[in-house]
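Working notes for the structure below.
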Amino acid sequence: MRQKQRKIEIGEIYGSLKVIGIFQDKPRKYTVQCLRCGKTYTTSGQNLLKYSSGCPDCRARDTIVDRYKPYTGKRFGYLEVLGFAGQGVRGAALARCLCHKCGREIVTTYSRLLYSGIKTCAQCAKENLYAGLDIHKKLITGGTDVAAIHNRKTNSNSTTGHKGVSKMKSGRYRAYIYFRRHQYHLGSYDEIEDAIEARKEAEKKVFGGFLEWYKASHPDEWKRYIGSRDK
Ligand SMILES: [Zn+2]
Ligand SMILES: [Zn+2]
């Protein structure tokens, strides 16, 4: 392996590294300075030539930048990745993003983008949550509590123990649903099961969209909400 080695002189520059001294003779090691960050360290002649793109820290950073480069320009919901923004707590790779919902530029971690389902900046997420709660409030004042619909076990306001199903004088069962202060008749049935089914069907139509949207856009809130209702 000991072929004619290139003679390395003090003051020479290899890639981003400048030789500023000879650290030791046997084995030969050089003191070099990284021209990218200014750091000085010692290395062998072989490694100096092989890894001349920067000091170990700068090269480690290059590796991370390369790893996340493919995500630049990609969209995660409303968030467009503009580029690598350094490293945060515990070395987490940070991404600079543009929130297309509000136009704000934010910094978040790549892992949050890739694994948490984040779709907007925190500010938009908050506003979206308030909008959701607002809709929810309207639904409650409209006469039907979404959570009560979700957990159908509790019910006290009807003659049958099933929300939206009442027993008529004729002995038949009538199904109905309240939506925004109006009662909507859903038919009368000989069997209570049919009335319950009719009511369920209507719930799906009226609230299905909202619930699906709320669950998808606020999974944590939804879990907390349902969790607290179940207890
Ligand atoms: Zn460096
Ligand atoms: Zn936003």
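The values are calculated or read from the model by the stated rules, or taken from the named source; none is laboratory data. These figures come from a predicted structure and were not determined experimentally. When we count neighbours, we look across all protein chains shown, and the Cβ atoms used for this are built from the backbone with ideal geometry, even at glycine. All accessible areas refer to the heavy atoms of the entire protein, side chains included, with ligands and DNA or RNA removed. Shrake-Rupley method; radii C 1.70, N 1.55, O 1.52, S 1.80 Å.
At 1.4 Å probe size, what's the solvent-accessible area of residue 58? Round to the nearest 10 Å². So the heavy atoms of residue 58 present about 20 Å² to solvent. Simple spin-label estimate for residue 22 and residue 112 gives 5.3 nm between the two label positions (7 Å along the Cα-to-Cβ direction from each Cα).
Quick one: compute the contact order of the range 60-120, relative version, from alpha carbon pairs under 8 angstrom and 6+ residues apart, as a percent.
Values: 101 pairs, mean separation 16.4, N = 61.
The value is 27 percent.
Of the cross-linked pairs 18/74; 169/200; 126/205; 169/215; 74/126, those separated by over 32 Å at the C-alpha level are 18/74; 169/215. Over all other residues within a Cβ to Cβ distance under 14 Å of residue 91, the charged ones net out to +2, with Lys and Arg as +1 and Asp and Glu as -1.
Per residue, the range 1-105 exposes 68 Å² of accessible surface when a 1.4 Å probe is rolled over the protein heavy atoms with every protein chain present.
The residues neighbouring residue 34, those whose beta-carbon lies less than 10 Å from its own, together hold a net charge of +3 under the Lys/Arg +1, Asp/Glu -1 convention. Here the simple spin-label model places points 7 Å from the Cα toward Cβ, and for residue 66 and residue 49 these points are separated by 2.1 nm. Rounded to the nearest whole Hz, the Karplus-based 3J(HN,Hα) values (6.51 cos²θ - 1.76 cosθ + 1.60, θ = phi - 60°) of the range 53-61 follow the sequence 6, x, 5, x, 5, 5, 5, 4, 5, with x at glycine and proline. Each of 170, 188 has its accessible area taken with a 1.4 Å probe; listed largest first, they run 170, 188. Principal axis extents of the C-alpha atoms in the range 60-120 (largest first, rounded to whole Å): 34, 20, 18. The portion of the accessible surface of the range 13-54 made up by carbon and sulfur, rounded to a whole percent, is 48 (1.4 Å probe; DNA, RNA and ligands excluded).
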